[in-house]
Amino acid sequence: MNSRKILYQFGYRRSPDQDQLSPVRRPVIVIGAGPVGLCTAIDLAQRGVPVVLLDDADRIGEGSRGICYAKRTLEILDRLGVAKACLEKGVTWKLGKVFQRDDQLYAFDLLPEDGHKMPAFINLQQYYLEHALVERAAQLPNLDIRWRNRVSGLKRRNDGVSLAVETPEGSYNVDADWVVAADGARSALRGMLGLDFKGEVFEDRFLIADVKMKGDFPPERWFWFDPPFHDGRSALLHKQPDDVWRIDLQLGPDADAKAEQSPDHVIPRLRQMLGHDAFSLEWVSVYTFQCRRLERFVHGRVVFAGDSAHQVSPFGARGANSGIQDADNLAWKLALVLLGEASEGLIDTYDIERSAAADENIGHSTRSTDFIAPRSAQEQRFRDAVLALARKAPFAKRMVNSGRLSMPTTYETPLSTPDGDTWSGSAHLGAPLPDAPMLSRSGQPIWLLEALGGEETIIHVPNGDTLPNGKRIVVIGDDLIDVQGLFAQRFDATPGSTYLVRPDQHLAARWRHATPPQIERASRRLRDFEGDRA
């Protein structure tokens, strides 16, 4: 039992490209209408780039799959126009608890401070997110989604890519300046280019079940080591919308995947955990996982994003979150290149930055997996010792690893201008900006990230300094008012402080007192990178 009812279905529609005598050339074709492909296409379209999005299916709703979306991902979705719908439907949470047997080892708060528009996490079935993204895509006239269009062939060229596409009415060819491969873990495009993943494959099997029931559990993340209802293994419980609960049970490497998905096996396990049988099964699957990635994410004019580029274990909710952050990193760069405002080498910084993010996520994911499912006697002894100490020693609680939850990557990147001054606060060079509540010039409440949007922006705290012309400048105290003082606190802002913000809202440069030439050089640095165009 590994699927559920289809919630949303979309009809095949013949494209005008199919009636042309020679292939039509498109600026960007995105392959795959999952969250990563949809976010990439929407972001590009919002930046004025015409986009074609191809998907070989015609439906959404076959299993919950990813459910946990982190604060930074929600900020990206907000800029793309879908966060409101996700927040209204999703289950908001920030607290987690870790147990051994029946004893709580510790609890954690993922967002202990106020003054942020987005929560630490929401839980939302992936099909609801995808539906919100499809509805947003339909509002953009320069975004063309083509359902039941399967890419069957690919030819790389120096100035673009040629694709062969199969449809219910036959095949056609279409050319693109750039192709974004967001076609998932079993990426057909990766196979067409003969590319392999490098990394680890883990043998442990896990049961994942979405259970419909009325439950008294709070909206928190609960994780058990060696629970009394599942001896010697691990368990995870999460609340989703619609009275659906995500349950994850470790089975071990020798479990029979087919047998374990049978209701005859699943229902007794869940009854033992929940203490009752007043539930129904929405979706069940047994999975293993990998921590692997492509050596390079950019291959000429073909760019890989999301699971087609990298894979991690589900512990820590790093899969969909990192994939959407891939889209956030890529779209503005591709738009600048296509609009003639940046050199093609800028796309190589996508590989530099997101490869580093993938390595960071794979590292966290591998360490979590080794702690949750030890593969050697030495790892088992270490895990047992840490859990025993965690009952008494605060330092050991920090060593308990039930899945380090997704955080955005701070880029060490050639696009950043190194700091020449000393800074404190929570804003860090190369990282996404921390949000802060502000007032607009008219006195209306507005959030900092909401005001910045997706453009390169200079934020300036005035003191009479001269600023360059022709730049988008937001002046604190004029355009935005720091009514609670949180901007000053988080950015360590003093009179004269100036910040250059990338189109993806990462901090590119900052100065205590900037000159126009300094700002111009830092801005050019965001566009003029010359990489190795292999």
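Note the full-extension length gain between residue 106 and residue 288 as 0.36 nm times their separation in residues minus their Cα-Cα distance, in nm to one decimal.
Additional length available on full extension: 62.7 nm.
How much accessible area per residue does the chain have, in Å², with a 1.4 Å probe?
For the chain, the per-residue accessible area is 41 Å².
Quick one: length gained pulling residue 465 to residue 57 fully straight, 0.36 nm per residue minus the C-alpha distance?
Roughly 141.3 nm would be gained on extension.
On full extension of the chain, what length is gained from residue 216 through residue 196, given 0.36 nm per residue of separation minus the C-alpha to C-alpha distance?
2.6 nm
Can you give the net charge of the other residues whose Cβ lies under 14 Å from the Cβ of residue 226, counting K and R as +1 and D and E as -1?
Net charge in that neighbourhood comes out at 0.
Between (i) 42, 25, 21; (ii) 37, 27, 23; (iii) 38, 32, 21, which entry matches semi-axes √(5λ) of the Cα gyration tensor in Å as derived from the coordinates of this structure?
Among (i) 42, 25, 21; (ii) 37, 27, 23; (iii) 38, 32, 21, the one calculated here is (iii).
Take each of the peptides 418-426, 487-495, 36-44, average the number of other beta-carbon atoms within 10 Å over its residues, and list them starting from the highest.
36-44, 487-495, 418-426
Segment 286-320 to segment 119-137: how many Å between their Cα centroids?
After rounding, the separation between the Cα centres reads 20 Å.
Cut-off under 24 Å on the C-alpha distance; same-chain residues fewer than 8 positions from residue 212 excluded. Which lysines are left, in chain and number order?
5, 89, 94, 97, 239, 258
Over the chain, what is the relative contact order in percent, taking alpha-carbon pairs closer than 8 angstrom and at least six residues apart?
The normalised contact order for the chain reaches 15 percent.
If I compute solvent accessible area with a 1.4 Å probe over the protein chains, what percent of it on segment 397-534 is carbon and sulfur?
Ligands and nucleic acids excluded, carbon and sulfur give 51 percent.
What are the trypsin sites (Lys or Arg not before Pro) within segment 337-426 that DSSP puts in a loop, where the Cβ has at most 10 other Cβ atoms within 10 Å?
Passing sites in segment 337-426 are 392.
Would you list, by chain and number, the lysines whose Cα falls below 22 Å from the Cα of residue 333, excluding same-chain residues fewer than 8 positions away?
471
Return the calculated 222 nm mean residue ellipticity for the chain, to the nearest 500 deg cm²/dmol, obtained by summing -39500 (n - 2.57) across DSSP H runs with n ≥ 4 and dividing by the residue count.
After summing the helix terms and dividing by the residues of the chain, the value is -8500 deg cm²/dmol.
From the phi of every residue in segment 96-107, what ³J(HN,Hα) in whole Hz does the Karplus formula 6.51 cos²θ - 1.76 cosθ + 1.60 yield, where θ is phi - 60° and glycine or proline is x?
Whole-Hz 3J(HN,Hα) from phi for segment 96-107: x, 9, 10, 10, 10, 6, 9, 8, 7, 7, 6, 10.
Taking a virtual spin label 7 Å from the Cα of residue 9 along the C-beta vector, which residues in segment 105-133 bring their backbone nitrogen under 16 Å of it?
Correct set: none at all.
Rank these by accessible area, largest first, 1.4 Å probe: 256, 196, 243.
Descending accessible area places them as 196, 256, 243.
Can you list the aspartates and glutamates whose alpha carbon is less than 14 Å from that of residue 198, not counting same-chain residues fewer than 8 positions off?
295, 307, 359
Taking the Cβ of residue 375 as the centre, find all other residues whose Cβ is under 9 Å away and add up their charges (Lys, Arg: +1; Asp, Glu: -1).
Net of charged neighbours comes to -4.
The values are calculated or read from the model by the stated rules, or taken from the named source; none is laboratory data. Source: prediction; values computed, not measured. Glycine also receives a Cβ, built like all others from the backbone with ideal geometry; neighbour counts cover every protein chain displayed. Just so you know, the surface numbers come from the protein's heavy atoms only, side chains and all, with ligands and any DNA or RNA stripped out. Shrake-Rupley method; radii C 1.70, N 1.55, O 1.52, S 1.80 Å.
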